[in-house]
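Heads up: the structure comes next, in structure tokens.
The numbers here are math on the coordinates, done by the rules we state, and not lab data. Small disclaimer: the values here were computed from a predicted structure and weren't measured. Heads up, the Cβs are rebuilt from the backbone with ideal geometry, glycines too, and the neighbour counts pull from every protein chain shown.
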Amino acid sequence: MKRVIIVGGGVVGLHLARRLAALSIEVELHESKGSVSEGAERASGIVSIRGLSKIGLDYKGSEQNVLHGAYLKSGNGKLRVRSKEPMAYVLDRPKLAKACERAARAAGARIILGSRLSRDELVELADDNDNIIVGADGAVSTVARTFGFPSLDDYILTYKAEYTGVRIDETDMVGLYFSSEFAHGLFGWHVPYSEHTVEIGLGIDQRRKLTSKKAFDRFIGSGSIGIGLSGGRIAGEHASLIPISARKVTVKGNVALVGDAAGQVKATTGGGIIYGCLCAETLAKAAKECIDGGAGLDAYEKQWRKRYGRDLGLHRIAHSYYSKAGEKGLERTFRIMKALGMEGFLGKYGDMDSPSAILKRFLLGGSSA
């Protein structure tokens, strides 16, 4: 009987393991760390409530805060988007990872911690046609390198720190700060965890002749951040690497990639949970058809690109625009959006994950819809 071997115990890999086990497929997940929560705090935890409802992720108990919106700043321009209803949760990533592990184990998945498969071991496993190998092992994927998948060409380097002992007036609003001076390629941000704890972070294009830590220090010293950090202390600092474009190929024979390893990430924000998990569900169904009916695993490639490629492409276009527009260009954009009533429209109909849904509603109903 065929089995699926997953490399990588992040949220997406664990979600895939859970879905496969629920389909009565033998699944074995290998995670090199001793705990799935180890290192999970490197990633930010903003996840849309609408997106969570789509994937059925087991996140209960990991909620840190509820968000109603965000304001975007570039130079003297500012756009404020606020919803009456909650739009997103700030999730504790280590707790989320543990919740996903429990759900996967309860479904019947075998999870092996502290297991780092070598390239030779991966090749040997893949040579057995009764195995399907899945790389869910992040942007710097061992599975992708082992089996010669095309490289991920575009990355964002991020750096973030958690500050405690600060005072935050709007605990349900995120701040996004655009500037080619300190955040070329992404933006700076602050994310409230509570009224006294906040995450400050920043992302830069990989091609910048600057480390993410140095860019972060510029951001902190710029005076751009819309909250006071005086008297606060740093509780933790983390650097990470995020892909912002998909690999050109994500299936080779009986080997597939998913999540960050495949580049299934929103280029606008670097968020990978929602689309990674959606693509994991597509992969689980394709694996089921492969095992039960002899269908090719390449159906996964076709299906995820058909279902989610358009929205991921629109995120990429938006990222390209704000990366090149500069402060003055974004100031003009914000003025135009305000004049069109987009602040209220996005507050009412905004979808953090699906720009095509926003565009469709706007074009059909107008900003006053």
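Quick notes on this structure:
- Considering only trypsin sites (Lys or Arg not before Pro) in DSSP loops that have at most 13 other Cβ atoms within 10 Å, the longest stretch of the chain without any of them is 249-369.
- Over the Cα atoms of the range 1-128, the radius of gyration divided by the Kirkwood radius equals 1.10; this is the Rg/Rh ratio.
- By the beta-carbon count within 10 Å of each Cβ, the least crowded to most crowded order of His184, His238, His315, fewest first, is His238, His184, His315.
- In the chain, the calculated helix contribution to ellipticity at 222 nm averages -12000 deg cm²/dmol per residue, counting -39,500 (n - 2.57) for every DSSP H run with n ≥ 4.
- Here the range 84-108 and the range 10-79 have alpha carbon centers that stand 6 Å from each other.
- Gain in span if fully extended, Lys60 to Arg332, counting 0.36 nm per residue against the direct Cα distance: 93.8 nm
- Normalising the Debye intensity of the chain to I(0), with uniform scatterers on Cα atoms only, and taking log10 at q = 0.09, 0.13, 0.14, 0.15 Å⁻¹ returns -0.51, -1.04, -1.19, -1.34.
- Taking 12 Å as the straight-line reach from the Cα of Lys33, the aspartates and glutamates in range (excluding those fewer than 8 positions away in the same chain) are Asp137.
- Taking the DSSP bridge list for the chain and keeping only pairs wholly inside it, about 65 percent are antiparallel.
- The length gained on full extension between Lys248 and Val140, counted as 0.36 nm times the residue separation minus their Cα-Cα distance, comes to 37.3 nm.
- Taken over the range 161-294, the alpha-carbon convex hull comes to 129 cubic angstrom per residue.
- Of Ile234, Ile274, Ile46, the sequence from fewest to most neighbouring Cβ atoms within 10 angstrom is Ile234, Ile46, Ile274.
- Ellipsoid semi-axes for the range 145-192, based on the Cα gyration tensor and the rule √(5λ), read 32, 15, 10 Å when sorted largest first.
- Paired Rg and Dmax values of the range 314-365, which use every Cα atom, in angstrom: 11.7, 30
- Listed from fewest to most Cβ neighbours within 10 Å, the set Ile220, Ile133 follows the order Ile220, Ile133.
- What you get for the chain, charging only the Cβ of Lys and Arg (+1) and of Asp and Glu (-1), is a dipole of about 1120 debye around the Cα centre.
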